[in-house]
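Asker: I am attaching a structure below and will ask some questions about it afterwards.
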Amino acid sequence: MGNKKSRLRLMVQAGAAALSNGYAAGFLRGRIYTGPVKYFCVPGLNCYSCPGALGACPMGALQAVLGSRGRQFTFYVLGFLMMVGAVSGRFVCGWLCPFGLIQDLLHRVPLGPKGKKLPGDRWLRWLRYLILAVFVVLLPLYAVDFIGQGQPWFCKFICPAGTLTAGIPLVLSVPGLRDAVGWLFAWKNLVLVVLLVLSVPVYRPFCRYLCPLGAVYGAFNPVALYRFRIDQEKCTSCGACQRACKLDIPVWKSPNSPDCIRCGDCKGACPHGAIGDTLPGKKQ
């Protein structure tokens, strides 16, 4: 059952990545799609500048409106984030985010020992909130140029998804860009390489420590329409759920932890069927 659900999740992730980056002509021509659907956000982290991207990344869109002089669409972006979070919490991270899929695939590589966390995990988990506050909100709002225009600081200096799906493809396909790259592109590639290498031994290091979108959605996990529930009459606190969880969450104590990406591994591992959810028509 667990392997079947794992395959289903992988297929859903791949389908979501293909759907949100389905403009194949953009990759062939080295051009960014600018059609009408680009005005709408997709749920996961998905770079606007990716040649195949058909929608906007909610983090990139939020920085764009906060850093613009008019800020006409701030309420749309905030409303979108709140709506997705209120419905599903971090379900998006586990099932729909393209960069989450890449980390999942790398963690399957049978190379070396596998771990669930990095040294200093307790403190490193606060980094995503710091990045959200500083790079996504404060710097675009207040670090502005002489005409009052801010920059997308997270996209520019940190986002590995943008480097992988936008920066590298565009540099490879547009000769003029290869002559213009400098230290910033080198820095972004370093961030990307470190995270990709870490993804082999450690499960989802970017999602766990750095992703501001995960920080937003995770705040909704305890109150989202879709959330986990523990049947206290069935639960024996055996810890099987935590052992199965690749993020090392004690699900029996914190079924709706902000770290949970709703992969469902804990539900399949529970020997007593004590972990349920709020979907209608299911026994809790």
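Asker: Kindly indicate whether VAL171 is closer than 25 Å to ALA64 by Cβ, part of a loop (DSSP other than H, G, I, E, B) and either without any contact (Cβ under 8 Å) to a residue 24 or more places away in the chain or open to solvent by 60 Å² or more (accessible area, probe 1.4 Å) (or both).
Answerer: Against the criterion (closer than 25 Å to ALA64 by Cβ, part of a loop (DSSP other than H, G, I, E, B) and either without any contact (Cβ under 8 Å) to a residue 24 or more places away in the chain or open to solvent by 60 Å² or more (accessible area, probe 1.4 Å) (or both)), VAL171 does not qualify.
Asker: Given the residues GLY26, GLY22, which is the only one that is outside any helix (DSSP H, G or I) and either farther than 15 Å from GLY100 by Cβ or out of contact with any Gly (no Cβ under 7 Å at 6 or more places or on another chain) (or both)?
Answerer: GLY22
Asker: Can you tell me which of (1) touching a residue at least 60 places away in the same chain (Cβ under 8 Å); (2) β-branched (Val, Ile, Thr); (3) surrounded by 17 or more Cβ atoms within 10 Å (Cβ to Cβ) is the one VAL65 doesn't meet?
Answerer: All conditions are met except number (1).
Asker: What pairs can you find where one residue is in region 146-157 and on the phi < 0 side of the Ramachandran plot, the other is of a type in the set (Val, Ile, Thr), and their Cβ atoms are less than 6 Å apart, with a gap of 6+ or different chains?
Answerer: Note: pairs meeting the criteria are GLY150/VAL144; PHE154/VAL136.
Table: residues versus (1) under 17 Å from HIS107 (Cβ atoms); (2) in contact (Cβ under 8 Å) with a residue 24 or more places away in the chain; (3) of a type in the set (D, E, K, R).
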residue: ILE230; (1), (2), (3): no, yes, no
residue: GLY239; (1), (2), (3): no, no, no
residue: ASP248; (1), (2), (3): yes, yes, yes
residue: ASN256; (1), (2), (3): no, yes, no
residue: GLY264; (1), (2), (3): yes, yes, no
residue: HIS272; (1), (2), (3): no, yes, no
residue: ASP277; (1), (2), (3): no, yes, yes
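Asker: Kindly list, by first and then second residue, each pair from a residue in region 81-107 that is at positive phi and of a type in the set (Gly, Ala, Ser) to a residue that is surrounded by 22 or more Cβ atoms within 10 Å (Cβ to Cβ) and in a helix (DSSP H, G or I), limited to pairs with Cβ atoms under 8 Å and residues at least 6 apart or on different chains.
Answerer: Final answer for the pair search is GLY89/TYR217; GLY89/GLY218.
Asker: Do any helices (runs of 4 or more DSSP H) lying entirely in region 176-284 carry at least 2 residues that are open to solvent by less than 20 Å² (accessible area, probe 1.4 Å), and which ones are they?
Answerer: Filter on region 176-284 gives 183-198, 205-209, 212-219, 240-244.
Asker: Sticking with this one: What pairs can you find where one residue is in region 116-135 and under 16 Å from LEU247 (Cβ atoms), the other is of a type in the set (Lys, Arg), and their Cβ atoms are less than 7 Å apart, with a gap of 6+ or different chains?
Answerer: Going by the 7 Å Cβ cut-off, the qualifying pairs are LYS116/LYS246; ARG125/ARG208.
Asker: Kindly evaluate ILE249 against the criterion of being under 22 Å from GLY214 (Cβ atoms), under 23 Å from the mean Cα position of the chain (by Cα) and of a type in the set (A, V, I, L, M).
Answerer: So ILE249 fits the description; yes.
Asker: For region 13-23, state whether one or more residues are within 13 Å of PRO169 (Cβ to Cβ) and free of Cβ contacts under 8 Å to residues at least 40 places away in the same chain.
Answerer: Within region 13-23 (the criterion being within 13 Å of PRO169 (Cβ to Cβ) and free of Cβ contacts under 8 Å to residues at least 40 places away in the same chain), the answer is yes, since at least one residue qualifies.
The values are calculated or read from the model by the stated rules, or taken from the named source; none is laboratory data. These figures come from a predicted structure and were not determined experimentally. With ideal geometry, Cβ positions are generated from the backbone for all residues, glycine too; neighbour counts draw on all protein chains shown. With ligands, DNA and RNA removed, areas are computed over all heavy atoms of the protein, side chains included. Shrake-Rupley method; radii C 1.70, N 1.55, O 1.52, S 1.80 Å.
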